[in-house]
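Down below is the structure, laid out as C-alpha cells.
The values are calculated or read from the model by the stated rules, or taken from the named source; none is laboratory data. None of the values given here were measured: they were computed from a predicted structure. A quick note on method: Cβ atoms are made from the backbone with ideal geometry, for glycine too, and the neighbour counts reach across all protein chains shown.
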Amino acid sequence: MAIEGPLRELGIHDVFQLLDLSRKTGTLAVTSELRDNEGTVHFQDGKVVAAAIKSNPHRLGDLLMRSGRVTAAQVAAASAEQAARSDGRRLGEILLDMGAISQKELERQVRLQIEAVIFELLSWREGLFRFEEGPMQGIPMVQIGTEALLMEGARRIDEWSRISDRVPSLLAVPRLTALQDGLQAPMLDLLPSEWEVLTMIDGALDLRAIASSLARTEFDTAKVVYGLVSTGVVELVVPQDVAERVAVRATTPPVGARAVADVATPVVAPPAVPSPAPRAAPASRAPAGAPMPDGADELERGFQFVLRGDFDSAVVAWATWLQAHPKDDMTERVRGALEAAARLRALVEARYPARAGEGFMQ
C-alpha cells in the first residue's frame, strides 16, 4: 500500500516520523517541480539506510577523495572494476576489497553521504511524496535513526532561516564585488574549503551549480557564501522570476510540523468561553477484538487503537488524519501526540534493545 500526498499538507518531518514510528521498510520518493529536483530515501524497519538526490548526488567516490581517504587513481580503478563486474557490488565495497579504505571509514563516509541528502530534503516545503513498501536489496552498510536526523535537520533549518536574509535562494548567482575608487581589497583569512567556493564564483554559476561542481552540500556552500556576502567580498544577483517566488514563499508559510499559522487570517478577539459541558466517565481500555465504531474517522480510529494498546496503528491513523486536516482545532495536539510517541518509543528501545524490531508498545 502506497502512502502519498503533497508536502504542504503533510510536512516532510511528519512523513519521516510516520515511517519511523510504523517501522516501514521501502522507498520514499520526494519530487519538487519548483526546484526541478527529486530525492529518494530507503528505509528499513523505520531507519534510513540509503539516500540519493538528483541535483547533487554526493557520490561516494568524490566524498572519499575530498576527505583525502583515497586517490583519484584508486577511485578510477574501482569504478572500472565495478563496470566490468555484473554482481552489482557498490563502489565502496570494491574500494574496501582493494584495501584502499577501512570498514570504519567507509561506514562513516556512507553515513555522511546519507545525511547530506536528508538534510537537503528536510528543507523542502513544497512538492510531492510517495512511499512504496518493499524489501531492501542487499545488506545495508549503515542504519541511521530517524529521530537523530530530524533533530539535526531542524537545527540546520533554523540556521537556514538565519542566513536567508542575505542568501534568499540557491538559484542566486554570486559575483565578486567591484572595488570603489581609492579602496583596497579586504584581507581574507579563509579556510581551504572556503577558498574552493570563492574560486568557483565567476558571475555565471548559481549556488546550486557551485555545490554540485564541488560535490559539497548546498547548506555548506550557502554558509560560505553568506560569510563572503557579509564581509562585502561577494554580492548575490537573484533572477527576477526567482525573486518573485521567494517573495511568495515568504508571505505564505507552509503547513508543517512547526508552521501551521495562516498569516492571512486577521487577528480577532477570542469568543466568550462557554461553561464546560459535563465530562463523561473515562473510557476503559477496549478489548483487542472489539469492533471499531461505525463511521469513525481516522482521528477517532487513532484514539480507539490507543485504547486497544495498538500504538503502531494509532500513529498511522493519526498521520493519515493530519494529511487531510492541516488546520483543524486538534491538529497541533495530534502532532504533539505523534512526537511524544516517538520519544516514548526511543525510551523503550533504549531500555529493551533486544525488542527493537517488534511492534511498538504491543
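Here are the numbers for the structure shown:
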read-out	value
Residue within the stretch 33-40 that is free of Cβ contacts under 8 Å to residues at least 24 places away in the same chain and either assigned to a helix (DSSP H, G or I) or under 23 Å from G145 (Cα atoms) (or both) present	yes
Qualifying residues in the stretch 155-208 (those that are β-branched (V, I, T) and at pLDDT 90 or above) - the one nearest to G227 (Cα to Cα)	V197
Breaking point among (1) in contact (Cβ under 8 Å) with a residue 40 or more places away in the chain; (2) surrounded by fewer than 17 Cβ atoms within 10 Å (Cβ to Cβ); (3) over 19 Å from L10 (Cβ atoms), for T27	(3)
Matching residues, the stretch 200-215, being of a type outside the set (A, V, I, L, M) and either not in a helix (DSSP H, G or I) or not assigned by TED's automatic domain parsing to the domain that holds E235 (or both)	D202, G203, D206
Some residue of the stretch 215-224 being over 29 Å from the mean Cα position of the chain (by Cα), at pLDDT 80 or above and β-branched (V, I, T)	no
Hits in the stretch 81-109 - residues which are in a helix (DSSP H, G or I) and more than 12 Å from G61 (Cβ to Cβ)	E81, A83, A84, E93, L96, D97, M98, Q103, K104, E105, E107, R108
Residue that is surrounded by the fewest Cβ atoms within 10 Å (Cβ to Cβ), among those in the stretch 89-122 that are among the small types (G, A, S) and free of Cβ contacts under 8 Å to residues at least 40 places away in the same chain	G99
Some residue of the stretch 125-137 being surrounded by 11 or more Cβ atoms within 10 Å (Cβ to Cβ), of a type outside the set (D, E, K, R), under 20 Å from the mean Cα position of the chain (by Cα) and more than 27 Å from V238 (Cβ to Cβ)	yes
Filtered residue count, the stretch 113-132, keeping only those that are among the aliphatic types (A, V, I, L, M) and in a loop (DSSP other than H, G, I, E, B)	1
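Results for (1) farther than 23 Å from P192 by Cα; (2) loosely packed, with under 14 Cβ neighbours inside 10 Å, shown as yes or no for each residue.
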{"site": "H42", "(1), (2)": "yes, no"}
{"site": "A50", "(1), (2)": "yes, no"}
{"site": "I53", "(1), (2)": "yes, no"}
{"site": "R59", "(1), (2)": "no, no"}
{"site": "D62", "(1), (2)": "no, no"}
{"site": "A72", "(1), (2)": "no, yes"}
{"site": "A76", "(1), (2)": "yes, yes"}
{"site": "A80", "(1), (2)": "yes, yes"}
{"site": "A84", "(1), (2)": "yes, yes"}
